[in-house]
1. If you take the residues in region 450-496 that are touching a helix residue (DSSP H, G or I) at 6+ places or on another chain (Cβ under 8 Å) and modelled with pLDDT under 80, which one is farthest from SER404 (Cα to Cα)?
2. Within region 107-118, is there a residue that is among the polar types (S, T, N, Q) and within 18 Å of GLY177 (Cβ to Cβ)?
3. For the list (1) free of Cβ contacts under 8 Å to residues at least 12 places away in the same chain; (2) closer than 23 Å to TRP108 by Cα; (3) small (Gly, Ala, Ser), I need the number of the one condition that SER63 fails.
4. Is it the case, given these coordinates, that LYS283 is of a type outside the set (S, T, N, Q), free of Cβ contacts under 8 Å to residues at least 40 places away in the same chain and surrounded by 18 or more Cβ atoms within 10 Å (Cβ to Cβ)?
5. Working only within region 204-215, note down all residues that are crowded, with 19+ Cβ neighbours inside 10 Å, of a type outside the set (A, V, I, L, M) and over 14 Å from ASN194 (Cα atoms).
6. Which condition does ALA223 not pass, out of (1) of a type in the set (Gly, Ala, Ser); (2) in the same structural domain as TRP421 (by TED's automatic domain parsing); (3) crowded, with 16+ Cβ neighbours inside 10 Å, if it passes all the others?
7. Could you figure out which of (1) over 24 Å from GLU434 (Cβ atoms); (2) in contact (Cβ under 8 Å) with a residue 24 or more places away in the chain; (3) part of a helix (DSSP H, G or I) isn't true of ALA295?
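The values are calculated or read from the model by the stated rules, or taken from the named source; none is laboratory data. Everything numeric here is computed off the predicted structure, so don't read it as measured data. All Cβ positions, even for glycine, are placed from backbone atoms using ideal geometry, and neighbour counts span all protein chains on display.
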Amino acid sequence: MGELFKINQPKRIKPVAMMEAAFSIDNCSNESIFENLVLPQVPPRDVKQLIQLVMSSQSEKISLLEWFSIFDNENYFKQLSGEALINTQKALWKCILEIPKVTNIALWRMCLYFDKQYHMMPLLIMDAFQKHDRQIRLLDKQRGLVLKALSEQKASKIAYFSLQIGNKPEDFLACLGLPNQISLVVKAQEELENVLVEVWKPELCDNYVKIIKQYSYLQADTAVTKLLSLNKEKALNESPVLLDHLKEKYGPSSASSRWGMLSLQAQHQLRAVIGAGWFAEFKLFIFQLTSQELAKALSLSPKDINQLQKRVTFWSNYQSRFHSFRVFLPLKTATIIKNSSLSLPEHTLIESGWDLKETELCFLEFDNHIVVEYLRGNASGLKLYDKSEISISKLLTNEKLKVSKLAEIEFKKEHDHLFCWQNSCENMLRTEFEILPDDEITSFLIGGKSDVRQNYDHVTGLPRLSREDRSERQRCLGRSKGKRHENKAREFSTEVQLNSKGLDNNWIELEYSEGKNTIRAGAKFPNKKKPILSLRKTKAW
């Protein structure tokens with residue numbers, strides 16, 4: 001059968017001719033890219049000839065392709081021994097240190113050697129690396145450290161370097177011009193959370209957020225689950241950036257949250273972490289409010305300061321139960337904080353009609369309820385609301401809060417902050433609203449000059465107060481009740497004065513009752529002037 005077609009023998013083109021053709025393609029070509037370019041000879045030189053050039057200090061005559069040929073010839077170097085082996089090793093190592101293109105090739109192939117691709121580098125060069133690796137680190141610190149970690153098979157070190165720059169291990173090595181599809185890089189990716197928790201520096205936490213933002217949804221879910229399983233001491237709260245990221249992406253009440261993608265255990269752990277973060281904000285605010293400068297500006301007495309700090313101590317037993325925390329400030333307090341050059345917390349302003357009710361409010365959100373702490377003044381105490389109440393939920397999103405509007409919302413329970421209030425408050429929260437301290441609590445922190453703790457049982461609660469303490473508490477409650485009625489009378493008097501403005505009649509008589517106690521008030525306002533009030537009590541107060 002005859003030939004269907006015939007292929008002519010291709011014409012051999014010399015490398016120099018190819019380079020000249022490249023120049024002629026574009027007269028504007030940058031000729032500098034061809035500077036110091038060494039072309040391989042045709043026919044190619046064998047490794048023996050190339051090593052002779054190295055030994056005679058003529059390595060500049062060796063092309064890049066020929067350097068690959070040198071590093072591929074392990075069999076040639078196995079034939080060397082004695083002084084010839086030592087001299088060849090020294091000469092090659094010198095080229096690796098002094099010639100940038102050789103350095104890049106050698107470091108790349110060393111990485112693959114440490115990935116068990118042993119054909120990538122001859123043994124005599126790897127022996128030189130083990131003896132003189134410090135010279136590589138002096139030449140190129142980052143790549144030298146990576147090679148050292150690879151030689152020791154320490155994925156944790158690669159993970160640490162990645163956290164330092166905020167890049168995934170594979171991207172980190174790629175940026176260094178090193179192969180990134182190697183087994184230790186995969187292990188380093190798996191070690192990120194372990195290293196982060198072990199070292200735990202705020203800057204590493206911030207960089208970790210940069211890394212997981214590069215992940216797919218599934219990768220991020222896996223990473224967060226692992227991180228939460230390792231975070232036994234709630235150290236996540238030391239990194240606001242990381243905590244905010246977890247709240248935003250995985251918080252149970254966040255929009256488009258991936259909360260449902262976490263395991264039940266991870267959800268429990270994350271809730272505890274987020275709760276501890278909200279409590280930390282509450283604590284920071286109270287301690288700022290009671291600082292020497294602000295306490296003086298707000299006229300807080302030592303008793304007031306101690307009372308406020310005891311609330312922080314009490315709620316510290318419930319950290320993992322917090323769902324959120326929000327501050328509501330009177331304009332006066334917000335202005336004082338701002339003028340004091342202190343950090344003004346994220347807050348909502350309170351609109352109040354009279355000074356009597358001007359107080360800072362803290363909203364503490366739990367599973368099914370919201371606790372409102374009235375921090376000071378005659379209204380000091382706490383009220384507990386049902387979270388399902390629409391009105392209370394709306395208040396959390398308002399730009400301004402009217403105390404009068406809050407007063408209109410029905411609360412489930414209120415509690416004082418008088419002598420030994422912690423015991424009865426804990427009992428109320430536990431038995432009536434199923435708000436329990438953190439699971440690990442066995443010693444309940446009460447507070448005081450020294451941190452007083454009491455044994456705690458999640459079923460029976462705190463130990464019963466002594467007879468003396470119970471008696472003293474009853475006396476305090478009695479005195480407080482009397483003051484409370486007096487304050488209500490003053491509030492009522494003020495309300496009558498405010499509400500009677502603009503009336504056409506000359507006289508108005510109003511009645512206010514609470515239980516068996518009644519106040520009647522008459523107001524006379526001739527010539528449209530401010531009313532003159534007269535109050536009379538019908539029963540003893």
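1. Restricting to residues being touching a helix residue (DSSP H, G or I) at 6+ places or on another chain (Cβ under 8 Å) and modelled with pLDDT under 80, the top hit is ASP451.
2. Of region 107-118, the ones among the polar types (S, T, N, Q) are 117.
Next, from what is left, pick out any that are within 18 Å of GLY177 (Cβ to Cβ): 117.
The answer is yes; a qualifying residue exists.
3. Condition (1) is where SER63 drops out.
4. Yes.
5. Hit for region 204-215 is ASN207, nothing else.
6. (2)
7. Going through (1) over 24 Å from GLU434 (Cβ atoms); (2) in contact (Cβ under 8 Å) with a residue 24 or more places away in the chain; (3) part of a helix (DSSP H, G or I) one by one, ALA295 breaks only (2).
Every residue, every condition in (1) of a type in the set (A, V, I, L, M); (2) closer than 20 Å to TRP67 by Cβ, yes or no:
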{"residue": "PHE114", "(1), (2)": "no, yes"}
{"residue": "MET126", "(1), (2)": "yes, yes"}
{"residue": "ILE136", "(1), (2)": "yes, yes"}
{"residue": "LEU150", "(1), (2)": "yes, no"}
{"residue": "PHE161", "(1), (2)": "no, no"}
